[in-house]
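Have a look at the structure below before the remarks.
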Amino acid sequence: MTSHIPTPLTVAIIGGGAAGTLATVILAKLSNIGRITLLDRDGRFGRGLAYSAKEKWHRINVPAFKMGGVGADDQEAFVDWLAANNHVTGPDYSTSFVPRFVYGDFLCAQLADVEAGGRLDKRHDSALGVERCGASYRVATVSGDVIEADLVFLCIGNHPPSGFAGVEPSLRSISNVWAAGALDPIGADDRVLVIGTGATAVDVVIDLVHRGVRSEITMVSRRGLLPQVDVVTPVDPDPVTVWPVRTVRGLFRSLREDIRRKAAAGIPWQTAIDSFRLQTKAFWTGFSQAEQARFSRHMRSIWLAHRHRLAPDVAERLARWQRDGQVRVIPGRILSAAATSSGYDLTIRARGNKTIALAPNWVLNCTGPEERYDRLDDPLVKSLLATGRVRPGPQGLGLDVDPGCRLIDASGHPQPGFFAIGPATRGTFWEVTSATNIRQQLVGVAETLVKPASRDS
Ligand SMILES: Cc1cc2nc3c(=O)[nH]c(=O)nc-3n(C[C@H](O)[C@H](O)[C@H](O)COP(=O)(O)OP(=O)(O)OC[C@H]3O[C@@H](n4cnc5c(N)ncnc54)[C@H](O)[C@@H]3O)c2cc1C
């Protein structure tokens, strides 16, 4: 009798940021996974966009202990690693909001461990297309390589916003503030208008001030909502785990009730939000399309301001600059913007129907990542959409996937072995951006891979 030993599955992971790195580490632990090829366009293995930030004021937006480890069962791995590597930044490092590059260092260390095992092939290269070839896939790259793999993971992360609302691009506008050196042309005496008041906008304002910009920095967004301040929240003693709501109104009523109940017991609202955000997939998938659209239109910015919070000292710094008059926040929308030789002549319709005229030297688009993939000017995404290998997700957000993260093609069929992880799945699950969400998503997919039937179903 001959025993049948299954051939290990080969894997191609497109994108070497946090999602691609966590995918590598989690998949490498599975007994039926063989060689893993990890591609990153920018060569930012283990870091991606968020954890390539170089400055110490670019902090993770939660206390370190909430970032967790790399698997389902090692919640403590990051704080243990911090302790082992002497990253003690406060009386208790686990409650510190450490610089983002430190979390990147941690991910790089995990990747190095997998590499030392000899199964990982890291390539600084860009995927251009993915083709089905029998039961496996072929990934074509810019350098002309073709990588054959049984499983393909799309971990392509966040993309810069595709355009300015109401502002024609000019030499004095910066549409991708995440690009290397994007802020370099801004001079110390230049006036800057930052469009957006969320986490990216705050990051940029802090960068500008640290770079020596002395003139006024104006931030504008429809509601003018800055991210709220974080606190080191206790573990929720009584998390609400079932949200029997089908409407946005019902959802926020339940959330407010939970916040009130916790406040009465001396528990901060941040704790309620943190527990609640672990349920976002449940409420989003439970909404009708009309309710999803309502949420996106009316509640999104309010939710994001409470969900993505600021480290207390970062918030304090921003508040100080506002008090000093260097930073000004305007709730309003841009009415007109004409490019001039020195920047823009611009008017804003502020709250209360007030018209404000500004003449910034620079206009920066800090509205956050482009969430509609059909608007992306990204060769891989364009090719995947054009060939029908993928289709846009619900509400046009990200790419469509089934509950097991398998990408759904243009004819509505989930593709065995072809997965998307992280922000690209936001249409289906709403919020898969944090390291915690991404890890949970990967652990779920990994569980299906150890059952052989899952690739063919
Ligand atoms: C500025 C910022 C700060 C954040 N701070 C936090 C935080 O403090 N805590 C937290 O939990 N979350 C934070 N997040 C959320 C963040 O989205 C996730 O934590 C995580 O970093 C997302 O990782 P990712 O790998 O999906 O995306 P990315 O970091 O965007 O990485 C995607 C990678 O894919 C590569 N790529 C794209 N297309 C291709 C291609 N065709 N071929 C090859 N490679 C390709 C890119 O080069 C990139 O390196 C932050 C996000 C941003 C933008």
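The values are calculated or read from the model by the stated rules, or taken from the named source; none is laboratory data. Computed from a predicted structure; not experimentally measured. Here the Cβ is made from the backbone with ideal geometry for all residues, glycine too, and neighbour counts use every protein chain on show.
Assorted remarks:
- Filtered residues of segment 302-341 (kept if in contact with an Asp or Glu (Cβ under 9 Å, 6 or more places away or on another chain) and among the small types (Gly, Ala, Ser)): Ala311, Ala315, Gly325, Ser336, Ala337, Ala338, Ala339
- Taken together, Gly422, Gly343 contain a single residue that is small (Gly, Ala, Ser) and more than 14 Å from the chain's Cα centre (by Cα), which is Gly343.
- Scanning segment 34-78 for residues that are closer than 26 Å to Val314 by Cβ, in contact with a Pro (Cβ under 9 Å, 6 or more places away or on another chain) and away from the ligand (no atom under 13 Å from the Cβ) yields one hit, Lys56.
- In segment 150-176, residue farthest from the chain's Cα centre (by Cα) [restricted to those that are within 14 Å of the ligand (Cβ to nearest atom) and either in a loop (DSSP other than H, G, I, E, B) or among the small types (Gly, Ala, Ser) (or both)]: Asn176
- Taking residues in segment 278-301 that are of a type in the set (Lys, Arg), and partners anywhere that are at pLDDT 85 or above and in a helix (DSSP H, G or I), the pairs with Cβ atoms closer than 7 Å and at least 6 places apart or on different chains are Lys281/Phe429; Arg294/Val248.
- Set Thr347, Thr428, Thr448: member being in a helix (DSSP H, G or I), more than 14 Å from the ligand (Cβ to nearest atom) and out of contact with any Pro (no Cβ under 9 Å at 6 or more places or on another chain): Thr448
- Tally, over segment 375-396, of residues that are crowded, with 23+ Cβ neighbours inside 10 Å and under 10 Å from Arg426 (Cα atoms): 1
- Filter result for Trp321 (assigned to a helix (DSSP H, G or I) and touching a strand residue (DSSP E or B) at 6+ places or on another chain (Cβ under 7 Å)): yes
- Out of Val209, Val220, Val213, sole residue that is under 30 Å from Ala359 (Cα atoms) and assigned to a helix (DSSP H, G or I): Val209
- Residues located in segment 96-144, provided they are of a type in the set (S, T, N, Q) and not in a helix (DSSP H, G or I): Ser96, Ser126, Ser136, Thr141, Ser143
- Residue match in segment 235-245 (condition: crowded, with 20+ Cβ neighbours inside 10 Å, within 22 Å of Ile438 (Cα to Cα) and touching a residue at least 40 places away in the same chain (Cβ under 8 Å)): no
- Annotation: Lys382 fulfils all but one of (1) of a type in the set (Lys, Arg); (2) away from the ligand (no atom under 16 Å from the Cβ); (3) in a helix (DSSP H, G or I); the unmet one is (2).
- Residue within segment 254-267 that is closer than 21 Å to Ser288 by Cβ, hydrophobic (A, V, I, L, M, F, W, C) and either modelled with pLDDT under 85 or crowded, with 18+ Cβ neighbours inside 10 Å (or both) present: yes
- Members of segment 257-274 that are in contact with a Lys or Arg (Cβ under 9 Å, 6 or more places away or on another chain) and free of Cβ contacts under 8 Å to residues at least 40 places away in the same chain: Ile267, Pro268, Trp269, Thr271, Ala272, Ile273
- Residue in segment 5-24 that is nearest to the ligand (Cβ to nearest atom), counting only those that are farther than 17 Å from Val381 by Cα, more than 17 Å from the chain's Cα centre (by Cα) and surrounded by 22 or more Cβ atoms within 10 Å (Cβ to Cβ): Thr24
- Condition check for Ala282: under 26 Å from Val235 (Cβ atoms), surrounded by fewer than 19 Cβ atoms within 10 Å (Cβ to Cβ) and among the hydrophobic types (A, V, I, L, M, F, W, C): yes
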